[in-house]
Amino acid sequence: MKKKKVIICAASIIVLAGIGLWIFGGKKANQTISFSTSAVQKGTISNSITATGTIEPVTEVEVGTQVSGIIDKIYVDYNSVVKAGQVIAEMDRVTLISDLESAQATFDGAEAEYVYQEKLYERNKTLHSKQLISDTEFEQYEYNYRRAKSTYDQTKAALAKAQRNLSYTIITSPINGVVTSREVEEGQTVASGFETPTLFTIAADLTKMQVVADVDEADIAGVKDGAKVTFTVDAYPDDVFEGKVEQIRLGSTNSSSSSTSTTSETVVTYEVVISADNPDLKLKPRLTANVTIFTDTRENVLIVPNKALRFTPDKKLAGGKTINDCNAQKKVWTMDAKSFTAHPVKTGMSDGSNTEIISGINEGTEIVTETIVKSDMPEMNMPEEAGERSPFMPGPPGNNKNNKRK
């Protein structure tokens with residue numbers, strides 16, 4: 001019985017080995033080799049950085065009050081369009097009118113006393129000059145006059161202050177714009193102490209907006225005034241808005257971000273102000289913007305795909321064509337019916353997909369970008385960029401160790 005099991009196991013191993021040999025050694029894949037080309041052409045190439053910012057009105061004014069009291073009437077609401085000087089709210093005036101009347105009465109009394117003492121002083125000054133009264137008497141008249149004048153000036157200032165405080169109960173818009181925030185209701189009491197309470201926020205022309213973006217310290221060196229900017233907002237994901245850098249604020253902001261549960265690092269950012277037109281009013285204040293700032297742009301320059309600079313013809317896949325190589329760090333390849341020819345080039349800026357060509361190749365030249373291997377086994381159909389195949393990826397069936405590409 002044991003011998004029978006051994007025979008069955010041995011037979012199974014032989015069968016499996018035969019199947020594996022047929023699959024991995026005996027079955028050959030028919031392959032077609034071709035090469036993809038691209039013409040050297042002129043275009044625009046750019047480098048950019050990304051940041052996150054907040055959309056704000058270019059001009060926004062907080063309207064408050066310098067006196068304490070009760071809000072009596074409110075004439076505007078959110079989104080109300082207002083003009084400069086327009087009355088937007090009134091405060092209760094009873095207390096301030098009473099203060100003004102009291103200040104007026106005090107002033108009237110001080111004025112009467114001042115006029116009387118002035119006349120008395122002038123009269124006795126003449127008598128003193130004729131030596132008809134003593135120095136002591138004259139000095140007393142002069143003292144009374146100066147005290148009356150000081151009290152008069154003091155009450156005059158107090159009266160002006162009471163009049164000014166009463167005028168503060170009429171709250172007007174300082175600019176033409178739109179009310180974006182209303183912080184009070186009728187009947188609410190506001191207290192003006194060390195900080196003026198904000199009643200309304202008014203934004204000027206909302207067809208002109210700005211984005212205040214936080215740019216990382218590692219990227220700020222590439223940002224220049226006037227640089228082109230594009231940005232998107234989550235509210236309109238399919239729209240791309242344009243703007244330009246108006247200001248790079250020198251003051252930095254430090255914020256801490258936790259990298260692990262026990263450590264944190266400080267992130268330094270700079271505020272970059274970006275102007276943007278908003279003719280259709282899609283951009284609302286305080287929307288979050290995902291910003292792309294173009295740090296360098298080259299227009300009307302020769303460009304080639306980056307993969308063309310990585311391509312090197314494989315002798316095994318060249319199909320018998322001659323390979324004319326050159327000793328250059330950067331090169332592109334052209335191809336004809338009989339050969340591959342390398343051309344040394346001088347490169348400039350790259351955007352990750354394309355690279356600027358400064359010299360070495362002419363516009364319109366067809367250059368090779370990649371090798372395309374097509375097989376009758378669908379899983380094998382893929383472009384092959386020479387030198388970029390993973391050493392851990394299995395080769396096509398039928399390829400042995402001596403057939404691997406170099």
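Structure notes:
- Residue within the range 330-343 that is touching a strand residue (DSSP E or B) at 6+ places or on another chain (Cβ under 7 Å), among the aromatic types (Phe, Trp, Tyr) and more than 19 Å from residue 41 (Cα to Cα) present: yes
- Of all residues in the range 156-175, those that are in contact (Cβ under 8 Å) with a residue 24 or more places away in the chain and within 13 Å of residue 106 (Cβ to Cβ) have Cβ atoms under 8 Å from Cβ atoms of residues that are of a type in the set (Ser, Thr, Tyr) and surrounded by fewer than 14 Cβ atoms within 10 Å (Cβ to Cβ), 6 or more apart or on another chain, in 162/102.
- Looking at the range 1-100, the strands (runs of 3 or more DSSP E) lying wholly inside it that each contain 2 or more residues that are open to solvent by less than 80 Å² (accessible area, probe 1.4 Å), at pLDDT 85 or above and small (Gly, Ala, Ser) sit at 31-39, 41-57.
- Candidate set: the range 112-143, residues that are within 25 Å of residue 102 (Cβ to Cβ) and touching a residue at least 24 places away in the same chain (Cβ under 8 Å); chosen: the one least open to solvent (accessible area, probe 1.4 Å): 117
- Given (1) touching a residue at least 12 places away in the same chain (Cβ under 8 Å); (2) in a helix (DSSP H, G or I); (3) surrounded by fewer than 18 Cβ atoms within 10 Å (Cβ to Cβ); (4) not charged (D, E, K, R), index of the condition residue 105 fails: (1)
- Answer residue from the range 293-330, given it is within 15 Å of residue 366 (Cβ to Cβ) and assigned to a strand (DSSP E or B) and is least open to solvent (accessible area, probe 1.4 Å) among those: 304
- When the residues of the range 189-212 are filtered to those that are open to solvent by 70 Å² or more (accessible area, probe 1.4 Å) and not in a strand (DSSP E or B), the one that is modelled with the lowest pLDDT is 194.
- Among the residues of the range 214-253, those that are in contact (Cβ under 8 Å) with a residue 12 or more places away in the chain, assigned to a loop (DSSP other than H, G, I, E, B) and surrounded by fewer than 16 Cβ atoms within 10 Å (Cβ to Cβ) comprise 217, 224, 225, 226, 234, 235.
- Yes/no for residue 69 being at positive phi and not basic (Lys, Arg): yes
- Sole exception among (1) modelled with pLDDT under 55; (2) in a strand (DSSP E or B); (3) open to solvent by less than 50 Å² (accessible area, probe 1.4 Å) for residue 398, by number: (2)
The values are calculated or read from the model by the stated rules, or taken from the named source; none is laboratory data. Only a predicted model underlies this, so the values are computations on that prediction, with no experimental measurement involved. Note that we place each Cβ from the backbone using ideal geometry, even for glycine, and neighbour counts take in every protein chain shown. Keep in mind that these areas ignore ligands, DNA and RNA; they rest on the heavy atoms of the full protein, side chains included. Shrake-Rupley method; radii C 1.70, N 1.55, O 1.52, S 1.80 Å.
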